[in-house]
Amino acid sequence: MNGPGKDRRVRLRNRMMAAFAAFTVLVTGVFGMFAVLFAYAVEDQLIAGLLEREAQRQVAHVAVHGQWTQPRHDWMQVVDDPAKLPAGIAQLLREEPRRVEFAAADGRHYHLTALPADDGRASAWLVGEVGSLLVIRPHRDAWLKLLAGTGLLMVLVALGLGLWLSHRTTAAISRLAESIDQTAPENLPPDLARDFGRDEAGILARALESLVERVRSLLAREREFSRDAGHELRTPLTVIRAACERLALEPGVTPDMRASLRHIQQSASQLEQTVGTLMLLAREETAAQAAAPVQLLPLVERAIVDQASLLEGKPIEVVVSVPSGLRTSVPESVIGILLANLVGNAFAHTAGGRVLIEADGERIVVSNPGSKLPAGAFEAYVKSESSAGLGLGLSIVRRLCERYGLDLATDESGGEVKVTLGLRPGAR
């Protein structure tokens, strides 16, 4: 399964391998640089030491005999005239008086040590052509290739070590993530941490197990509350509706009182519908239950009758174009709530004209002219200025569509609002 656990494992593994490789490159580069500098420093120090000892010998000889003597090493010579310095050293020495090392053509390399007179100024120079003594420079390219090859080998070793260590580190976490990803939330095993040790993965597994237990307890309390609240609310609402119907039949009721009773009865009906909707949304397992196909036209007609009070005093024609034999696999309670909210919204926000409700085997469309949905109309508590409700109707429609995998679309072109509702549940 190519789930999120595997994706996280791959990303974490790549980061660990990259960190190992980067650290190895850094360490190899730093130590390689210091190794080369150390070799150069040792070589230069050796040559400088030989020249310094010979310079002391020459100065001591001049003090006794008044003249320079032949150096002990054939690669050294004493030059008492700057013009006789080889390879243009005199010119470079005038530009950089403190310079002691000079490179020349044909691989020649010179080291220069001043031989001071009694006044401290250089009266001669001890020149050493050290090209034949150099060890680092002739083999520099080969050494650099060796360092580069060794560094590459170390990087490969670091990548292998990083791969092994990241696998050891992330295997348990990946197994835990895959176990959770492949299991429905309500079916998570109670002994989730049993197969994990006392490392970080085990700590995470035990924390998730504790969280699962708290979530289960919370869901159980929510379902119990929804069931009990729904049961307790439905009874008084039924009593209110029955009392309104009975009072409306009394002979002494005035038209104004009868209109008020109708409003109370309508509000009770809407509240009953709201209670049913909230209970439906609170039950997670409802979305997974298979529903028998139900006829759509009776549900449309029921929604129109239930919301008819919203048409009072409005010159509105309701046109229904729904085939009588059309069925839908959406649960009856769900499609009833969806239609009630869509039809009620259309009736409430249409001042006049025609409300069209049409359907085929794929979708149902509710359209009404002369109205405009506010921005974010399908979010909770968003409503137009003319709305008398709480702005929950279209939000409930959206949530039910998301729960049951139904398509929901709006179109406000042509001066009317069209809300299209898919009738075939898809993948959630």
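Quick one: would you say MET17 is without any contact (Cβ under 8 Å) to a residue 12 or more places away in the chain, surrounded by 11 or more Cβ atoms within 10 Å (Cβ to Cβ) and under 30 Å from GLY162 (Cα atoms)? So that I can check it myself, show each step before the final result.
Values: without any contact (Cβ under 8 Å) to a residue 12 or more places away in the chain: no; surrounded by 11 or more Cβ atoms within 10 Å (Cβ to Cβ): yes; under 30 Å from GLY162 (Cα atoms): yes.
No, not satisfied.
Output the qualifying pairs, or none if there are none: Cβ atoms under 8 angstrom, residues six or more apart or on different chains, first residue in the range 202-225 and over 30 Å from THR169 (Cα atoms), second residue assigned to a helix (DSSP H, G or I) and hydrophobic (A, V, I, L, M, F, W, C).
Qualifying pairs under 8 Å: GLU222/ALA282; ARG223/ALA282.
Among the listed residues SER260, SER267, SER226, which satisfies the condition of being open to solvent by less than 80 Å² (accessible area, probe 1.4 Å), within 22 Å of GLN307 (Cα to Cα) and at pLDDT below 80?
Numbers: SER260 fails: at pLDDT below 80; SER226 fails: within 22 Å of GLN307 (Cα to Cα).
So the residue among SER260, SER267, SER226 that is open to solvent by less than 80 Å² (accessible area, probe 1.4 Å), within 22 Å of GLN307 (Cα to Cα) and at pLDDT below 80 is SER267.
Here is a list: VAL25, VAL36, VAL42. Which entry is on the phi < 0 side of the Ramachandran plot, modelled with pLDDT under 85 and assigned to a helix (DSSP H, G or I)?
Numbers: VAL25 fails: modelled with pLDDT under 85; VAL42 fails: modelled with pLDDT under 85.
Unique residue meeting the criteria: VAL36.
Report, by residue number, each residue of the range 146-161 that is open to solvent by 60 Å² or more (accessible area, probe 1.4 Å) and among the hydrophobic types (A, V, I, L, M, F, W, C). Before the answer, list the steps.
Of all residues in the range 146-161, those open to solvent by 60 Å² or more (accessible area, probe 1.4 Å) come to 146-148, 150, 152-154, 156-157, 161.
Across the range 146-161, the qualifying residues are LEU146, LEU147, ALA148, LEU152, LEU153, MET154, LEU156, VAL157, LEU161.
Please verify whether GLY49 is assigned to a helix (DSSP H, G or I) and open to solvent by 40 Å² or more (accessible area, probe 1.4 Å), treating the condition exactly as stated. Talk me through it step by step, then tell me what you get.
Values: assigned to a helix (DSSP H, G or I): yes; open to solvent by 40 Å² or more (accessible area, probe 1.4 Å): no.
No; evaluated as a whole, the condition is false for this residue.
Is one or more of the residues making up the range 331-350 modelled with pLDDT under 80, over 18 Å from TYR404 (Cβ atoms), in contact with a strand residue (DSSP E or B) (Cβ under 9 Å, 6 or more places away or on another chain) and in a loop (DSSP other than H, G, I, E, B)?
Yes.
Quick test of your reading of the structure: VAL320 fulfils all but one of (1) among the β-branched types (Val, Ile, Thr); (2) surrounded by fewer than 22 Cβ atoms within 10 Å (Cβ to Cβ); (3) outside any strand (DSSP E or B). Name the failing condition by number.
Here VAL320 clears every test but (3).
Test GLN273 against the criterion of being modelled with pLDDT under 80 and open to solvent by less than 70 Å² (accessible area, probe 1.4 Å), and give yes or no.
Details: modelled with pLDDT under 80: yes; open to solvent by less than 70 Å² (accessible area, probe 1.4 Å): yes.
Yes; evaluated as a whole, the condition is true for this residue.
Against the definition (touching a Ser or Thr at 6+ places or on another chain (Cβ under 9 Å), of a type in the set (Val, Ile, Thr) and open to solvent by less than 40 Å² (accessible area, probe 1.4 Å)), how does VAL127 come out, yes or no?
Numbers: touching a Ser or Thr at 6+ places or on another chain (Cβ under 9 Å): yes; of a type in the set (Val, Ile, Thr): yes; open to solvent by less than 40 Å² (accessible area, probe 1.4 Å): yes.
Criteria met by VAL127.
Conditions (1) of a type in the set (Val, Ile, Thr); (2) buried (at least 18 other Cβ atoms within 10 Å of the Cβ); (3) within 14 Å of LEU299 (Cα to Cα), marked per residue:
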{"site": "PRO315", "(1), (2), (3)": "no, no, no"}
{"site": "LEU326", "(1), (2), (3)": "no, no, yes"}
{"site": "PRO331", "(1), (2), (3)": "no, yes, yes"}
{"site": "ILE337", "(1), (2), (3)": "yes, yes, yes"}
{"site": "ALA340", "(1), (2), (3)": "no, yes, yes"}
{"site": "ALA346", "(1), (2), (3)": "no, yes, no"}
{"site": "ALA351", "(1), (2), (3)": "no, no, no"}
{"site": "GLU358", "(1), (2), (3)": "no, no, yes"}
{"site": "GLU362", "(1), (2), (3)": "no, no, no"}
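The values are calculated or read from the model by the stated rules, or taken from the named source; none is laboratory data. Everything numeric in this text was worked out from a predicted model, so none of it was measured. As a convention, Cβ positions derive from the backbone with ideal geometry for all residues, glycine included, and neighbour counts pool all protein chains shown. Note: areas computed on protein heavy atoms with side chains; ligands, DNA, RNA excluded. Shrake-Rupley method; radii C 1.70, N 1.55, O 1.52, S 1.80 Å.
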